[in-house]
Amino acid sequence: MFTRILFFASILLSVVIKAQWYPQEVPDTSYKLRSVYFIDDQTGWAAGNNGIIIKTTDGGRRWTKQTDSSRISLRSLFFVDKQNGWAVGSEYGTGYSVALKTVNGGTNWKRLPIFTGPYQSVFFIDSLTGWITGGPVDRGAKGIITKTTDGGATWESQSANAGHANFSVFFIDHQTGWLVGDEGIIFKTTNGGDIWVPQTSGVSDYLRTVRFIDRQTGWIAGHNGIILKTTNGGETWINQSVDNKIWFDSFSPVDSKTAWTAGIDYGTWSGTILKTVDGGLSWYPQIHPSTLQTEKLSVFFLDGNKGWAVGDGTILKTTNGGDIFASSNRNYTLLQNYPNPFNPVTTIKYAIPPGLKNEKVAVRLVIYNMLGEEVALLVNEEKHFGTWEAKWDASGVSSGVYFYRLTAGGFVETRKMVLVR
């Protein structure tokens, strides 16, 4: 966990304030949006409290209301194509489940049969086969996992995580899927959910969202800054957690290296978005609390560039991954220090791309210890195109593992080095 604390210790305001997330027009700023889903770069939906569902057909420039209800709260949206989609949540006061379905892109939403307990998430592998998770159910605190093979006309309960709440489900195909919930529970199935087998998370926190990019590689995120990653289908989970004041509710990976996660920072009571470009070895914030007035964010990406985030009266969009620079000629480089291990002096080289030969960019190179504390500031100035180097004399610090982090424009990278006496 300590290696991930680095991300918040080095927030660079000049980076995040310029980051390429743009607000979009919201039909009503009182909307508290909790889920967003796009089927392509033009067509998407968002849903939230008071039963609100809104839709865009122009990439988010304009949103129109499809439905609302003062009686329900919607937590999760899922579409398999432009016509077939589902939204789930619960009724205010009663806690009864709510499941809605559309077969015409949201022009009409039909309520599906009611079950006991609040629904938390919905996932479909095609127009017929899908799963809904939820709970707890009444005083028995039974977790919900239910499956349909006819598009939602009928549902069959499955058994997993009895006595707890199930928050998120994800399937990579019709047979293989994962389920997460409270108290750090993880379950996996290889037969469509007929049997769910527990996996070991190593944590006891609420796990709110699970996403995979293939059968082997996936992430889980949740409360208290929890981020877990697996590269072997969940047999083992690597802890990539960050600041425990952040509670994550959504996760959106696009490949094995690049992913976003979003939620709320209870230190500032503001929505937050974090990004990784190295498979989760390091995370950096893209939205700074001072620029955003929302309590929570949910994020969704189509690819490495196009993404949306929704929150309290807020819809944000990016077309370049949320970073400042996206053009191919702007490739920053941070090299491994040499020598490594070292005693007591080492050299760190980095390169500013040719695209900046006629301008300068703010560069910051910082050394951190294993607790995420800043040990040395090596560079804090504007630089132009070229290859640069900085030396660190570690005579005054103890031996051990240290991290050096370069931030320049939208580029952020962290590497590890070892000081040996």
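Applying a 10 Å radius around every beta-carbon, put 365-371, 180-186 in order of their mean neighbour count, most first.
180-186, 365-371
Most fluctuating residue of Gly134, Gly193, Gly386 in a GNM of the chain with Cα springs under 10 Å: which is it?
Gly386
Leaving out ligands and nucleic acids, and using a 1.4 Å probe, what accessible area per residue does the range 81-162 come to in Å²?
The answer is 44 Å² per residue.
What residues qualify as long-range amide H neighbours of Ser35, i.e. H under 5 Å apart, gap of 5 or more or another chain, H built at 1.01 Å from N?
Amide H neighbours of Ser35, under 5 Å, 5+ apart: Ala47.
Carbon and sulfur: what percent of the chain's accessible surface (1.4 Å probe)?
49
For the range 185-234, max minus min Cα coordinate along each principal axis, in Å, sorted largest first?
The principal-axis extents, from largest down, are 32, 20, 15 Å.
Calculate one ³J(HN,Hα) per residue across the range 407-416 by plugging θ = phi - 60° into the Karplus curve 6.51 cos²θ - 1.76 cosθ + 1.60, and present them in order as whole Hz with x for glycine and proline.
10, 7, x, x, 8, 9, 8, 10, 10, 9
Where the convex hull is taken over the Cα atoms of the chain, what is its projected area averaged over directions, in nm²?
20.2
Indicate the gyration tensor shape class of the range 163-263 (rounded, prolate or oblate), computed on the Cα atoms with a ≥ b ≥ c the square roots of the eigenvalues: a/c under 1.5 is rounded; otherwise a/b larger than b/c is prolate and the rest oblate.
Details: a/c = 1.75, a/b = 1.24, b/c = 1.41.
Oblate, since a/c reaches 1.5 and b/c is not below a/b.
Taking a ≥ b ≥ c as the square roots of the eigenvalues of the Cα gyration tensor of the range 98-192, is the shape rounded (a/c under 1.5), prolate (a/b larger than b/c) or oblate? Write out the running numbers ahead of the final one.
Numbers: a/c = 2.13, a/b = 1.31, b/c = 1.63.
Oblate is the answer for the range 98-192, as a/c is 1.5 or above yet b/c matches or exceeds a/b.
Per residue, what accessible area does the range 16-80 have, given a 1.4 Å probe and all protein chains present, in Å²?
On a per-residue basis, 45 Å².
Give the span of the range 212-296's Cα atoms along each principal axis, as three whole-Å numbers ordered largest to smallest.
38, 20, 17
Per residue of the range 103-113, what does 6.51 cos²θ - 1.76 cosθ + 1.60 with θ = phi - 60° give for ³J(HN,Hα)? Whole Hz please, x for Gly and Pro, Karplus curve as stated.
10, 9, x, x, 4, 10, 10, 10, 7, 8, x
When only C-alpha pairs under 8 Å and at least 6 residues apart count, what is the relative contact order of the range 158-306, in percent?
Working: 397 pairs, mean separation 20.8, N = 149.
That works out to 14 percent.
Quick check: net charge around Lys147, other residues with Cβ under 11 Å of its Cβ, Lys/Arg +1 and Asp/Glu -1?
That sum, taken over residues with Cβ under 11 Å, equals -3.
Less than 11 Å Cβ to Cβ from Asp173, Lys/Arg counted +1 and Asp/Glu -1: what total charge do the surrounding residues give?
Result for the local shell: -1.
Kindly report the accessible area of the range 189-305 per residue (heavy atoms of protein chains, probe 1.4 Å, no ligands, DNA or RNA), in Å².
That works out to 37 Å² for each residue.
Just tell me which aspartates and glutamates come within less than 13 Å, Cα to Cα, of Lys383; anything on the same chain fewer than 8 places away is out.
Glu359
For the range 29-41, in order, what is each residue's ³J(HN,Hα) by Karplus, 6.51 cos²θ - 1.76 cosθ + 1.60 with θ = phi - 60°, in whole Hz (x at glycine and Pro)?
Result, rounded to whole Hz: 5, 7, 5, 9, 8, 10, 8, 9, 8, 10, 9, 7, 6.
Would you please give the residues with an amide H less than 5 Å from that of Ser76, counting only those at least 5 places away or on a separate chain, with H modeled from the backbone geometry?
Those lying under 5 Å, H to H, from Ser76 are Val88.
Divide by every residue of the chain the summed helix terms, -39500 (n - 2.57) for each DSSP H run of at least 4, and state the resulting mean residue ellipticity at 222 nm, rounded to the nearest 500 deg cm²/dmol.
-500 deg cm²/dmol
Would you please put 278-286, 332-340, 26-34 in order of how densely packed they are, using the mean number of other Cβ atoms within 10 angstrom per residue and starting with the highest?
On the way: 278-286: 22.2, 332-340: 15.7, 26-34: 17.3.
The most tightly packed comes first, giving 278-286, 26-34, 332-340.
State the Kirkwood hydrodynamic radius of the range 50-143 in Å, one decimal place, computed from all pairs of distinct Cα atoms.
Across the range 50-143, the inverse of the average 1/r is 13.7 Å.
The values are calculated or read from the model by the stated rules, or taken from the named source; none is laboratory data. Owing to the predicted nature of the structure, the values given are computational and were not obtained by experimental measurement. All Cβ positions, even for glycine, are placed from backbone atoms using ideal geometry, and neighbour counts span all protein chains on display. We work out accessible area using only protein heavy atoms, side chains counted, and drop any ligands, DNA or RNA first. Shrake-Rupley method; radii C 1.70, N 1.55, O 1.52, S 1.80 Å.
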